[in-house]
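As structure tokens, the structure follows; a few thoughts come after it.
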Protein chains: 2
Amino acid sequence: MKDEYQIVPVGYVRSRIKSRDQAPRQGRDSSVEARIEILPRFGDALRGAGESTRLMVICWLHQADRDTLLVHPRGDKSLPLTGVFGTRSPARPNPLAVYTVDLLAFEGNILMVGGIDAIDGTPVLDVKPHVHRLDD
Amino acid sequence: MKDEYQIVPVGYVRSRIKSRDQAPRQGRDSSVEARIEILPRFGDALRGAGESTRLMVICWLHQADRDTLLVHPRGDKSLPLTGVFGTRSPARPNPLAVYTVDLLAFEGNILMVGGIDAIDGTPVLDVKPHVHRLDD
């Protein structure tokens with residue numbers, strides 16, 4: 001069985017958050033607006049994406065530690081060590097982040113969204129419509 | 001800027017669905033139960049994962065077509081061609097699937113979950129607790 005796969009960024013997050021120490025603990029706690037710039041060669045994949053006002057954006061947290069399996073939730077050392085699959089820590093074997101966000105504006109290859117705390121330059125891997133029946 | 005990243009399966013889906021033509025159109029439409037087998041070397045990451053009854057499981061749909069950018073939603077040719085980012089089609093540049101599922105049982109490195117339509121052998125990339133505040 002093939003054991004590794006290649007992912008390819010389809011775009012990048014553009015944000016006023018420039019480093020990890022500026023990032024809030026959870027995207028939805030913030031009122032941060034971010035711009036998702038989809039690369040021109042994937043532009044066709046956006047056709048009709050503006051029909052949904054709620055999107056799921058999957059990012060690759062390229063600065064996260066992939067070797068950590070146990071963390072103190074929210075960095076609080078008074079909380080017991082917990083497996084990363086039991087937390088939303090960025091540290092995890094595949095540092096994927098799933099953001100459920102409001103689509104604020106959409107023009108060309110640019111999506112403006114609310115509630116993404118990823119730092120400027122974070123690779124975007126996928127965009128999907130959020131579907132209540134599937135995702136809530 | 002680095003343009004490609006390697007993902008690594010942390011486990012596999014075990015299911016009675018053995019091929020794509022047996023799979024329903026959407027996981028949550030089905031009552032399919034699946035077993036998620038986490039590889040032993042990632043076992044520590046599961047510590048505390050059983051605290052949540054709702055999980056987000058991210059899979060890599062290894063049989064999906066990565067070159068398709070436009071699809072007829074749900075395979076219905078009467079519907080106009082739509083960009084894959086506007087649909088939940090498995091075909092997409094990075095064939096990531098996000099399943100929000102009920103955790104039915106948890107023992108050792110095995111999670112029993114309801115509502116995953118991925119075929120037997122599908123790589124699992126990540127498991128997260130579903131958090132209402134973030135994900136609904």
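The values are calculated or read from the model by the stated rules, or taken from the named source; none is laboratory data. Here the structure is a predicted model, which is why all the values come from computation and not from measurement. FYI the Cβ positions are ideal-geometry reconstructions off the backbone, even for glycines, and counts take in every protein chain you see.
Screening A:ASP102 on (1) under 28 Å from B:PRO9 (Cα atoms); (2) more than 11 Å from chain B (Cβ to nearest Cβ); (3) not β-branched (Val, Ile, Thr) shows it passes everything except condition (1). Could you tell me whether the range B:51-71 includes any residue that is among the small types (Gly, Ala, Ser), at pLDDT below 95 and in contact with a Leu (Cβ under 7 Å, 6 or more places away or on another chain)? Yes, the range B:51-71 has at least one match. Within the group B:ALA97, B:ALA91, which residue is modelled with pLDDT of 95 or more, assigned to a strand (DSSP E or B) and in contact with a strand residue (DSSP E or B) (Cβ under 8 Å, 6 or more places away or on another chain)? After applying the criteria, what remains is B:ALA97.
Test B:LYS18 against the criterion of being out of contact with any helix residue (DSSP H, G or I) (no Cβ under 8 Å at 6 or more places or on another chain) and either under 18 Å from B:GLY121 (Cα atoms) or of a type in the set (Ser, Thr, Tyr) (or both), and give yes or no.
So B:LYS18 passes the test.
Take the conditions surrounded by fewer than 23 Cβ atoms within 10 Å (Cβ to Cβ) and either touching a Cys at 6+ places or on another chain (Cβ under 9 Å) or part of a loop (DSSP other than H, G, I, E, B) (or both) and apply them to A:ASP120. Does it pass? Step through it out loud before you land on a result.
Numbers: surrounded by fewer than 23 Cβ atoms within 10 Å (Cβ to Cβ): yes; either touching a Cys at 6+ places or on another chain (Cβ under 9 Å) or part of a loop (DSSP other than H, G, I, E, B) (or both): yes.
Yes, satisfied.
From the list A:LEU96, A:LEU104, A:LEU46, which one is in contact (Cβ under 8 Å) with a residue 60 or more places away in the chain and either under 30 Å from A:GLU4 (Cβ atoms) or out of contact with any Gly (no Cβ under 7 Å at 6 or more places or on another chain) (or both)? The unique qualifying residue is A:LEU46.
The residues of the range A:52-86 that are within 11 Å of chain B (Cβ to nearest Cβ), out of contact with any Lys or Arg (no Cβ under 8 Å at 6 or more places or on another chain) and hydroxyl-bearing (Ser, Thr, Tyr) amount to a single one, A:SER52.
Per the listing B:ARG35, B:ARG41, the residue uniquely surrounded by fewer than 16 Cβ atoms within 10 Å (Cβ to Cβ), on the phi < 0 side of the Ramachandran plot and basic (Lys, Arg) is B:ARG41.
Residues are listed down the side, and each one gets a yes or a no for (1) touching a Pro at 6+ places or on another chain (Cβ under 6 Å); (2) on the phi < 0 side of the Ramachandran plot; (3) surrounded by fewer than 21 Cβ atoms within 10 Å (Cβ to Cβ):
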| site | (1), (2), (3) |
| --- | --- |
| B:ALA45 | no, yes, no |
| B:ALA64 | yes, yes, yes |
| B:PRO73 | no, yes, yes |
| B:PRO93 | no, yes, no |
| B:LEU103 | no, yes, no |
| B:ASP136 | no, yes, yes |
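Of everything listed in (1) part of a loop (DSSP other than H, G, I, E, B); (2) more than 14 Å from the chain's Cα centre (by Cα); (3) modelled with pLDDT under 95, the single unmet condition for A:ARG74 is (1). The requirement of being under 30 Å from A:GLN63 (Cβ atoms), modelled with pLDDT of 95 or more and not in a strand (DSSP E or B) is fulfilled nowhere in the range B:12-25; no residue meets it. With the structure loaded, tell me whether B:GLN6 is within 12 Å of chain A (Cβ to nearest Cβ), surrounded by fewer than 16 Cβ atoms within 10 Å (Cβ to Cβ) and in a strand (DSSP E or B) or whether it fails that test. Yes. Here A:PHE85 clears all of (1) touching a residue at least 12 places away in the same chain (Cβ under 8 Å); (2) not acidic (Asp, Glu); (3) not in a loop (DSSP other than H, G, I, E, B) except the condition numbered (1).
Among the residues of this structure, A:VAL127 does not count as one that is out of contact with any helix residue (DSSP H, G or I) (no Cβ under 7 Å at 6 or more places or on another chain) and within 21 Å of A:ALA23 (Cβ to Cβ).
Can you name every residue in the range A:116-130 that is at the interface with chain B (Cβ under 10 Å from one of its Cβ atoms) and under 10 Å from the mean Cα position of the chain (by Cα)?
The answer is A:PRO123, A:VAL124, A:LEU125, A:ASP126, A:VAL127.
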